[in-house]
Amino acid sequence: MSDLIGPALVVTRPGGRDVLTVEDRAAGHPGEGELLVEVSAVGVNFIDVYQREGVYPMQTPFVSGNEGAGTVVEIGAGVDGFAVGDRVAWPQGLGSAARYSVQPAARVVHVPAGVDLDDAAAVMLQGLTAHYLVRSTFPVEEGTVALVHAAAGGVGQLLVQMVKRLGGMVVATAGGPEKCETARGRGADHVIDYRAVADLAAAIDEATGGRGVDVAYDGVGKDTFDASLASLRPRGTLALFGASSGQVPPFDIQRLNSGGSLFLTRPTLGHYLRDRAELEWRADEVFRQVADGTLEIAVGGRYDLRDAARAYEDLEGRRTQGKLLLLP
Ligand code: NDP
């Protein structure tokens with residue numbers, strides 16, 4: 001196995017997309033508790049951007065990517081439950097953007113029959129995120145009214161489908177008619193083109209007949225935060241899980257009181273994958289939904305690893321729908 005060599009997407013120093021380069025690298029060997037995987041597909045995520053830019057400080061150079069799926073080619077010491085040839089995937093493994101990637105077995109799950117490796121790579125990070133938001137952060141029940149921003153995006157399309165599956169009602173936002181159509185196609189009950197309305201909070205209020213939403217799932221951040229907060233019913237919850245438009249500035253806690261004894265949380269996937277059991281529970285539920293067709297994965301673009309900069313340009317430039325994959 002020692003002569004395996006393949007391309008890897010390297011971040012040479014903190015910065016923009018120009019710091020990305022593709023290098024051929026030796027696969028190496030898995031250490032104790034690790035697997036060497038031949039990667040079929042790598043998920044493109046905002047966290048890659050934050051790590052590349054240094055928003056999340058990183059030692060450079062490093063191999064980019066956090067999410068992937070592929071086939072086990074070598075097994076390190078002390079690993080149980082995996083065999084060479086197994087199809088696997090993972091949501092949070094730095095160094096995923098390479099043909100060969102060494103990953104800790106504890107953070108890797110099997111991909112069941114009925115789910116292809118592209119779909120597995122596409123659904124790990126965003127799918128587990130949508131899962132924890134609707135099952136744990138604010139559990140959706142029959143009749144729950146949920147606001148989902150950027151509903152044509154990666155997490156957005158999954159959230160809409162999961163809320164509907166649990167019996168909730170979705171008020172969705174998206175930028176432009178085409179993305180609104182996508183959100184509608186995923187099952188959203190009311191869709192607002194937030195680039196076209198002057199008063200977003202008023203538009204959401206109208207969609208709920210003045211009732212307000214039980215929960216706002218907001219991954220857009222700066223541009224939608226105020227409207228999300230204003231849209232909540234008394235004692236409603238704002239789950240601010242991202243900041244694709246920029247970080248929310250410092251916030252006066254008193255607004256939670258005047259808004260109606262509101263709840264605000266800033267959740268992140270790692271805290272909802274506390275241990276192996278939680279990872280397996282979430283992955284199993286998400287994969288089951290993919291396999292039985294109740295969760296449709298929309299891959300909005302596949303890019304050769306060498307075109308990774310273009311994939312990130314499209315994601316950051318708000319041009320994409322669904323999930324982007326890199327093919328190493
Ligand atoms: P998306 O596919 O949703 O892409 C981002 C979308 O956000 C865009 O397509 C765009 O949709 C919207 N958007 C609004 N304003 C901007 C802007 N100024 N620049 C760029 N995009 C903008 O991405 P993901 O599904 O991968 O991620 C969504 C959010 O979820 C991100 O903030 C990400 O960091 C976060 N996240 C958080 C996790 C967690 O555990 N906390 C885990 C995974 C993701 P439109 O054109 O419709 O406005």
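The values are calculated or read from the model by the stated rules, or taken from the named source; none is laboratory data. All of these numbers come straight from a predicted model, not from anything done at the bench. When the accessible area is computed, the model is the full protein with side chains, heavy atoms only, and any ligands, DNA or RNA have been set aside. Shrake-Rupley method; radii C 1.70, N 1.55, O 1.52, S 1.80 Å.
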> Nearest-5 percent of antiparallel DSSP beta bridges in the chain?
Replying inline: 55 percent
> If the viscosity is 1.567 mPa s and the temperature 4 °C, what Stokes-Einstein diffusion coefficient in µm²/s follows for the chain when Rh is the Kirkwood radius over Cα pairs?
Replying inline: 64 µm²/s
> Gaussian network model of the chain, Cα springs within a sub-10 Å range: biggest mean-square fluctuation belongs to which of 231, 40, 244?
Replying inline: 244
> How high is the relative contact order of segment 30-176, in percent, with contacts defined as C-alpha pairs under 8 Å that are six or more residues apart?
Replying inline: 22 percent
> How much accessible area per residue does segment 176-328 have, in Å², with a 1.4 Å probe?
Replying inline: 50 Å²
> Against the longest alpha carbon principal axis of the chain, how many degrees, from 0 to 90 and to the nearest 10, is the axis of helix 276-291 turned?
Replying inline: 80 degrees
>> Taking 8 Å as the Cα distance limit and 6 or more residues as the minimum spacing, I'd like the relative contact order of segment 189-328 as a percentage.
In response: 15 percent
> Ignoring ligands, DNA and RNA, how do 282, 17 rank by accessible area with a 1.4 Å probe, largest first?
Replying inline: 17, 282
